[in-house]
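Peer 1: Here's a structure for you.
The values are calculated or read from the model by the stated rules, or taken from the named source; none is laboratory data. Here the structure is a predicted model, which is why all the values come from computation and not from measurement. Please note that ligands, DNA and RNA were not included when accessible areas were found on the heavy atoms of the full protein model with its side chains. Shrake-Rupley method; radii C 1.70, N 1.55, O 1.52, S 1.80 Å.
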Amino acid sequence: MNVMQTRMIEEQLIARGVTNREVIRAFFHVPRHLFVREQDQFYAYDDCPLPIGFQQTISQPYIVALMIEGLKLKPTDRVLEIGTGSGYQTAILAALAKEVFTIERIPQLLEHAKEVLAYTGVKNAIFKLGNGYDGWKDHAPYDAIIVSAATNELPTNLLEELKVGGNMVVPSGGMFTQKLLLIHKGEDDYTQKVLCDCRFVPMIHD
Ligand code: SAH
């Protein structure tokens with residue numbers, strides 16, 4: 001842990017209302033500078049997304065915290081993540097849940113994330129190269145689902161793989177205006193809440 005990491009957690013997360021102690025603890029546990037490109041390490045704890053290559057970005061720390069806090073994870077939970085990217089969010093999830101099943105469509109990003117996660121001691125992440133829009137049936141249903149790329153239509157395949165009583169966070173909208181949605185799956189319906197405006201890279205349908 002370093003001074004910049006502590007400042008990030010205090011100024012960007014706690015000061016803005018992130019209260020879940022376990023989530024805050026997970027952010028202390030994961031060194032963000034290891035998940036960005038070498039030339040960006042100095043900016044790793046800044047209040048913004050950063051490029052990770054292939055026109056993709058590592059999400060802003062506050063957005064990662066808001067999304068994960070919304071999931072209300074328990075240590076026994078199995079989580080599905082769409083868009084592994086840098087693997088940073090995967091590491092935070094892995095610190096809070098039992099298992100993280102994570103799907104990424106860009107092979108180089110997936111391989112790199114695997115390496116960094118192994119290096120940082122994460123053992124409960126399971127990886128898949130492919131189109132996350134289709135979900136991952138083999139391990140369904142999931143206690144929670146987190147989507148890190150924006151889509152115009154609600155991904156119904158993913159909702160089907162969510163347990164009743166589970167939560168899913170997904171950025172919804174086009175290139176420029178998006179809302180971060182928190183969806184709760186009930187017995188026979190869904191409730192939906194807008195967490196904030198956001199701007200994610202688009203979810204690609206292969
Ligand atoms: N949480 C990640 C976010 C990375 S950006 C991080 O903080 O690093 C979003 C990622 O979603 C990109 O790596 C992109 O390649 C991936 N992605 C986009 N569409 C996808 C799809 N249909 N299936 C799987 N991954 C997808």
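Peer 1: Counting pairs on different chains as well as pairs 8 or more places apart, how many Lys pairs in the chain have Cα atoms under 17 Å apart?
Peer 2: Final tally of qualifying lysine pairs is 16.
Peer 1: Please calculate the 1.4 Å probe accessible area of ILE204, with all protein chains present, and give it to the nearest 10 Å².
Peer 2: My reading of the accessible area for ILE204 is about 70 Å².
Peer 1: Skipping prolines and chain starts, which residues have an amide H placed within reach, meaning under 5 Å, of the one on LEU162, given they are 5 or more residues away or on another chain?
Peer 2: Residues meeting the criterion, in which the H sits 1.01 Å from N, are TYR142.
Peer 1: Could you tell me what percent of the DSSP beta bridges with both partners in the chain are antiparallel, to the nearest 5? Walk me through the numbers before you get to the answer.
Peer 2: Details: 18 of 38 bridges.
Here the antiparallel bridges make up roughly 45 percent for the chain.
Peer 1: Given the range 91-175, report the % of alpha carbon pairs whose separation exceeds 19 Å.
Peer 2: Tail of P(r) above 19 Å: 41 percent of Cα pairs.
Peer 1: Amide H of ASP77: which non-local residues (sequence gap of 5 or more, or other chain) have their own amide H closer than 5 Å, using H built in the peptide plane?
Peer 2: Excluding prolines and chain starts, which carry no amide H, the hits are LYS98.
Peer 1: Counting only the heavy atoms of the protein chains, how much of GLU115 is accessible to a 1.4 Å probe, in Å² to the nearest 10?
Peer 2: Surface open to solvent at GLU115 totals about 120 Å².
Peer 1: What's log10 of I(q)/I(0) for the range 146-206 at q = 0.18, 0.19, 0.20, 0.21 Å⁻¹, Debye sum over Cα points only, no solvent?
Peer 2: Log10 of I(q)/I(0), two decimals: -0.59, -0.65, -0.71, -0.78.
Peer 1: OK, next. Give me the angle, in degrees from 0 to 90, between the Cα long axis of helix 107-119 and the longest principal axis of the Cα atoms of the chain, rounded to the nearest 10.
Peer 2: Rounded to the nearest ten degrees, it is 60.
Peer 1: Let me ask something else about it. For the chain, what does -39500 (n - 2.57) per DSSP helix run (n ≥ 4), summed and divided by total residues, give at 222 nm, in deg cm²/dmol to the nearest 500?
Peer 2: Values: 6 runs with 52 residues, N = 206.
Per the formula, -7000 deg cm²/dmol.
Peer 1: If you take the square roots of the eigenvalues of the alpha-carbon gyration tensor of the range 1-108 and sort them as a ≥ b ≥ c, do you get rounded (a/c under 1.5), prolate (a/b over b/c) or oblate?
Peer 2: oblate
Peer 1: For the range 3-198, just run the numbers: alpha carbon Rg, then divide by 2.2 N^0.38 Å, N being how many residues it has. Could the numbers behind the result be given before it?
Peer 2: Values: Rg = 15.5 Å, N = 196, 2.2 N^0.38 = 16.3 Å.
Relative to the rule-of-thumb radius for its length, the range 3-198 sits at 0.95.
Peer 1: So for the range 115-206, averaging the separation of alpha carbon pairs under 8 Å that are six or more residues apart and normalising by length, what relative contact order in percent results? Could you put the intermediate results ahead of the total?
Peer 2: On the way: 163 pairs, mean separation 22.7, N = 92.
In percent, rounded to a whole number, it is 25.
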